[in-house]
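Asks: After the structure tokens below, expect a handful of questions from me.
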Amino acid sequence: MLTESVSATVKLFFREAIARAVSESMRRDDRIILLGQDAGRFGGAYKEFSGLYGEFGPDRVRDTPVAEAAMVGLGVGAAAAGLRPLVSITYMDFLMLGLDPLVNYAAKARFKTGGQITTPIVVKTTAGARGQGVAHSQCIEAWMMAVPGLKVVAPSTPADACGLLKSALTDSGPVLFVDHKRLFSTAGEVPLAESFVPIGEALVRRTGTHVTITAHSYMTRIALTAAEHLAEEGVSCEIIDLRSLAPMDVETIAQSAGRTGALLTLEEGQLTCGIGAEIAFRIRELVGPIRMARVGALRAPVSSNPVLEAACVPSADRVIGAIRRLLNN
Amino acid sequence: MDRLALLRRMMLIRSFESALAKRRDHGFQLLSSGAEGVAVGLCDALRNEDQLLCSGRSIAPSLARGLDPGAVMAELLGRIAGPNRGKAGRGHMAQPAAGFFGAHAVVGGNLAIAAGVALALQQRRSTAISVCVFGDGACGSGALHETLNIAALWKLPLLLVCDNNQIAIATPREQALAAARLSDLAAPFGIAAVTVDGTDVISVRDSATGLIANIRAGQGPGFLECISERFFSHSTATRETRSAAEMEVVWSRCPILRLTGQLRAEGVLASGAMEELQHDTDRQVLHAIAFAEASPFPNSAEALSHVD
């Protein structure tokens with residue numbers, strides 16, 4: 001309790017935490033520029049860049065046309081030439097249009113040039129379902145985890161959003177920062193003092209003894225809700241917020257899963273070649289055979305229809321059901 | 001450079017490629033023979049602090065930019081004495097400290113990267129410019145349209161140079177691109193655009209110099225289309241699809257013979273001078289090969305270096 005009383009915090013919305021991270025980083029490092037559609041005067045699709053245009057002006061906060069390939073390409077080229085661009089791709093679905101420079105150039109630049117070119121770029125994008133339909137809802141983090149040289153982070157709280165984005169903006173890159181439509185309006189305590197969250201470290205969000213749940217981004221909140229209900233039945237869940245997907249803190253998961261003897265992986269994206277599949281195999285290698293289950297989206301597009309969307313993406317009820325089955329087997 | 005130096009540089013590229021193509025230990029290569037005038041003329045218009053980017057057809061651009069032929073040969077043969085320790089090869093060779101920001105083998109892939117380099121230069125208030133050489137094959141890509149638009153809007157210090165060798169692997173340019181001239185592609189964006197004969201090194205140099213003066217003056221990007229020739233098939237591993245009659249026409253447009261003819265007609269090139277130049281460049285290439293061969297391949301452990 002002592003540490004809590006001395007480390008002062010302020011309550012911020014997730015979107016405010018992002019704006020604060022960018023603002024603090026841009027003040028510290030004039031190589032940081034922001035490129036994005038409606039990132040300037042408009043302040044970002046979710047107001048997550050609110051105030052930045054006013055503080056840093058049109059040279060450092062640049063509105064771009066709708067041209068994801070060139071936006072990421074310009075960011076990557078500028079990074080290779082000495083800037084630290086933050087490129088905002090409004091939805092993760094549209095990141096597909098900008099993958100060539102990110103995957104074929106940025107993720108390989110240091111390797112292919114024998115260390116002569118680094119690309120300290122951060123691409124920030126928004127994943128997740130919230131009524132916007134089949135091409136505005138996808139979570140393709142698992143695709144990105146398969147790219148050597150690319151880091152992927154996906155925070156679930158304002159404090160982590162702030163701390164991880166600040167770390168990403170000092171990293172040698174490239175870093176993909178994934179947030180979520182349903183997180184921008186959530187609030188949480190953020191340290192008053194400037195603070196960084198290291199890339200590559202998971203966090204135990206809730207301690208428990210019966211089952212380990214891994215999640216990231218908005219699904220961490222779903223896991224926490226499920227754990228609350230399960231606690232009433234006497235089931236004790238330990239929740240690991242992955243925070244960083246690549247590199248992944250497998251040790252923290254293994255330590256927990258080894259202790260609980262049961263693992264449930266939760267993700268909003270597809271299960272095939274998914275984050276859960278990756279975690280399960282690596283935990284199997286490290287811990288040996290334990291009970292495992294995975295929860296993710298149905299193998300279907302995510303509709304804008306509210307009934308179909310809710311049917312497709314994981315809910316606390318689905319997590320609860322999966323854990324009951326896992327522990328009863 | 002004087003015209004003899006330009007001729008010499010073009011001959012070095014031709015001789016270098018000729019020696020390389022005779023070998024069997026390079027995987028395959030994308031040769032620039034027939035288009036030496038584009039790279040050499042362009043690079044003569046650049047300053048040391050400028051950055052050159054190009055496609056995977058990187059031999060002429062890298063040598064024209066002044067990279068050491070031995071180092072380039074080492075890179076192409078996969079040896080650690082290459083500027084990228086043999087990890088980049090023809091497709092991705094780079095030496096930014098020498099003004100060669102590098103090749104990128106995704107067709108059209110370097111266009112937006114080059115615009116990003118230009119953005120970094122602009123942001124730092126540098127007088128240097130970013131230059132990207134790409135083929136006619138890249139002109140069908142959306143990346144070109146997106147890059148032209150942003151570069152024009154932001155007045156980026158960027159020169160886009162289309163080395164139009166009139167064929168993409170086996171697809172003739174007129175079958176792939178609807179525009180009458182490829183420089184027309186830049187016109188809707190208000191970008192200064194010029195088409196020149198890429199086999200005339202002087203004309204390439206002078207046109208590039210004119211466009212670059214405007215770019216350095218802050219007037220925004222320029223577009224230079226150079227109509228060149230591809231003397232060989234797409235790569236050393238690709239079959240030639242053009243007829244003997246077509247190749248006769250192609251070979252008749254040699255940038256080296258063109259400049260040689262001019263210099264002879266003006267009496268600048270003494271008799272025997274060509275033989276001497278040829279001998280010198282051939283010897284330079286032999287040295288480059290010896291340098292490369294003396295260098296080992298990377299240790300297999302390097303497969304994991306510089307990844308994360």
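The values are calculated or read from the model by the stated rules, or taken from the named source; none is laboratory data. All figures in this text were calculated on a predicted structure; none of them were measured in a lab. So basically every Cβ, Gly included, is an ideal-geometry build from the backbone, and we count neighbours across all protein chains shown.
Asks: Give B:Ser271, B:Ser243 a once-over and let me know the one that is at pLDDT below 90, polar (S, T, N, Q) and either in contact with a Leu (Cβ under 6 Å, 6 or more places away or on another chain) or more than 29 Å from B:Thr209 (Cα to Cα) (or both). Lay out the reasoning, then the answer.
Replies: Values: B:Ser243 fails: at pLDDT below 90.
Being at pLDDT below 90, polar (S, T, N, Q) and either in contact with a Leu (Cβ under 6 Å, 6 or more places away or on another chain) or more than 29 Å from B:Thr209 (Cα to Cα) (or both) holds for just one of B:Ser271, B:Ser243, which is B:Ser271.
Asks: Quick check on B:Arg65: is it under 27 Å from B:Gly109 (Cβ atoms), modelled with pLDDT of 95 or more and in contact with a Leu (Cβ under 9 Å, 6 or more places away or on another chain)?
Replies: yes
Residues are listed down the side, and each one gets a yes or a no for (1) part of a strand (DSSP E or B); (2) over 19 Å from the mean Cα position of the chain (by Cα):
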| site | (1), (2) |
| --- | --- |
| B:Gly102 | yes, no |
| B:Ala105 | no, no |
| B:Ala115 | no, no |
| B:Leu119 | no, yes |
| B:Arg125 | no, yes |
| B:Ala151 | no, yes |
| B:Leu159 | yes, no |
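Asks: Within region B:197-224, how many residues turn out to be touching a Leu at 6+ places or on another chain (Cβ under 9 Å), of a type outside the set (S, T, N, Q) and under 16 Å from B:Ala64 (Cβ atoms)?
Replies: 8
Asks: Hey, among A:Thr9, A:Thr3, which residue is at pLDDT below 95 and either within 14 Å of another protein chain (Cβ to nearest Cβ) or over 20 Å from the mean Cα position of the chain (by Cα) (or both)? Don't jump to the end; show me each part of the working.
Replies: Working: A:Thr9 fails: at pLDDT below 95.
Selected residue: A:Thr3, the only one of A:Thr9, A:Thr3 that is at pLDDT below 95 and either within 14 Å of another protein chain (Cβ to nearest Cβ) or over 20 Å from the mean Cα position of the chain (by Cα) (or both).
Asks: In the list B:Gly66, B:Gly41, B:Gly34, B:Gly27, which residue meets the criterion of being surrounded by fewer than 21 Cβ atoms within 10 Å (Cβ to Cβ), in contact with a Cys (Cβ under 9 Å, 6 or more places away or on another chain) and either more than 14 Å from every other protein chain (Cβ to nearest Cβ) or of a type in the set (Asp, Glu) (or both)? Steps first, please.
Replies: Working: B:Gly41 fails: surrounded by fewer than 21 Cβ atoms within 10 Å (Cβ to Cβ); B:Gly34 fails: surrounded by fewer than 21 Cβ atoms within 10 Å (Cβ to Cβ); B:Gly27 fails: in contact with a Cys (Cβ under 9 Å, 6 or more places away or on another chain).
None of the other options fit; the residue is B:Gly66.
Asks: Hey, can you tell me all the residues within region B:44-74 that are free of Cβ contacts under 8 Å to residues at least 40 places away in the same chain and touching a strand residue (DSSP E or B) at 6+ places or on another chain (Cβ under 7 Å)?
Replies: B:Arg65, B:Leu67
Asks: Considering only residues of region A:274-290 that are touching a residue at least 40 places away in the same chain (Cβ under 8 Å) and touching a Gly at 6+ places or on another chain (Cβ under 9 Å), which is surrounded by the fewest Cβ atoms within 10 Å (Cβ to Cβ)?
Replies: Once the filter is applied, the top-ranked residue is A:Gly274.
Asks: Taking the stated definitions as given, is A:Arg284 closer than 22 Å to A:Val211 by Cα and of a type outside the set (S, T, N, Q)?
Replies: Details: closer than 22 Å to A:Val211 by Cα: yes; of a type outside the set (S, T, N, Q): yes.
The answer is yes for A:Arg284.
Asks: Looking only at region B:250-308, count how many residues are within 14 Å of another protein chain (Cβ to nearest Cβ) and touching a Gly at 6+ places or on another chain (Cβ under 7 Å).
Replies: The total comes to 5.
Asks: Can you find a residue in region A:91-105 that is within 12 Å of chain B (Cβ to nearest Cβ), among the hydroxyl-bearing types (Ser, Thr, Tyr) and in a helix (DSSP H, G or I)?
Replies: Checked region A:91-105: at least one residue is within 12 Å of chain B (Cβ to nearest Cβ), among the hydroxyl-bearing types (Ser, Thr, Tyr) and in a helix (DSSP H, G or I).
Asks: Kindly list the number of the only condition in (1) surrounded by fewer than 24 Cβ atoms within 10 Å (Cβ to Cβ); (2) out of contact with any strand residue (DSSP E or B) (no Cβ under 8 Å at 6 or more places or on another chain) that fails for B:Glu146.
Replies: (1)
Asks: Output yes when any residue across region A:51-69 is touching a helix residue (DSSP H, G or I) at 6+ places or on another chain (Cβ under 9 Å), within 23 Å of A:Glu141 (Cα to Cα), in a loop (DSSP other than H, G, I, E, B) and more than 13 Å from chain B (Cβ to nearest Cβ), and no when none is.
Replies: No, that holds for no residue.
Asks: Can you work out which of the residues in region B:90-113 that are in contact with a helix residue (DSSP H, G or I) (Cβ under 6 Å, 6 or more places away or on another chain) and aliphatic (A, V, I, L, M) is nearest to A:Ala69 (Cα to Cα)?
Replies: Only one residue tops the list, namely B:Ala112.
Asks: What residue, among those in region A:110-127 that are more than 7 Å from chain B (Cβ to nearest Cβ) and among the hydroxyl-bearing types (Ser, Thr, Tyr), is farthest from A:Leu83 (Cα to Cα)? Can you show your working first?
Replies: First pass over region A:110-127, keeping only residues more than 7 Å from chain B (Cβ to nearest Cβ): A:118-127.
Still in the running and among the hydroxyl-bearing types (Ser, Thr, Tyr): A:118-119, A:125-126.
Working: A:Thr118: 11, A:Thr119: 9, A:Thr125: 20, A:Thr126: 23 Å.
Among residues in region A:110-127 that are more than 7 Å from chain B (Cβ to nearest Cβ) and among the hydroxyl-bearing types (Ser, Thr, Tyr), the one farthest from A:Leu83 (Cα to Cα) is A:Thr126.
Asks: Can you report the number of residues in region B:86-100 which are within 14 Å of the chain's Cα centre (by Cα) and not in a strand (DSSP E or B)?
Replies: Residues that pass the stated criteria total 6.
Asks: If I filter region A:5-21 for residues that are out of contact with any Gly (no Cβ under 7 Å at 6 or more places or on another chain), farther than 15 Å from A:Thr125 by Cα, among the β-branched types (Val, Ile, Thr) and free of Cβ contacts under 8 Å to residues at least 24 places away in the same chain, do I get at least one hit?
Replies: Yes: region A:5-21 contains one or more residues that are out of contact with any Gly (no Cβ under 7 Å at 6 or more places or on another chain), farther than 15 Å from A:Thr125 by Cα, among the β-branched types (Val, Ile, Thr) and free of Cβ contacts under 8 Å to residues at least 24 places away in the same chain.
Asks: Being assigned to a loop (DSSP other than H, G, I, E, B) and at the interface with chain B (Cβ under 10 Å from one of its Cβ atoms) is the requirement here; does A:Asp38 meet it? Spell out the reasoning first.
Replies: Numbers: assigned to a loop (DSSP other than H, G, I, E, B): yes; at the interface with chain B (Cβ under 10 Å from one of its Cβ atoms): no.
For A:Asp38, the condition - assigned to a loop (DSSP other than H, G, I, E, B) and at the interface with chain B (Cβ under 10 Å from one of its Cβ atoms) - is not met.
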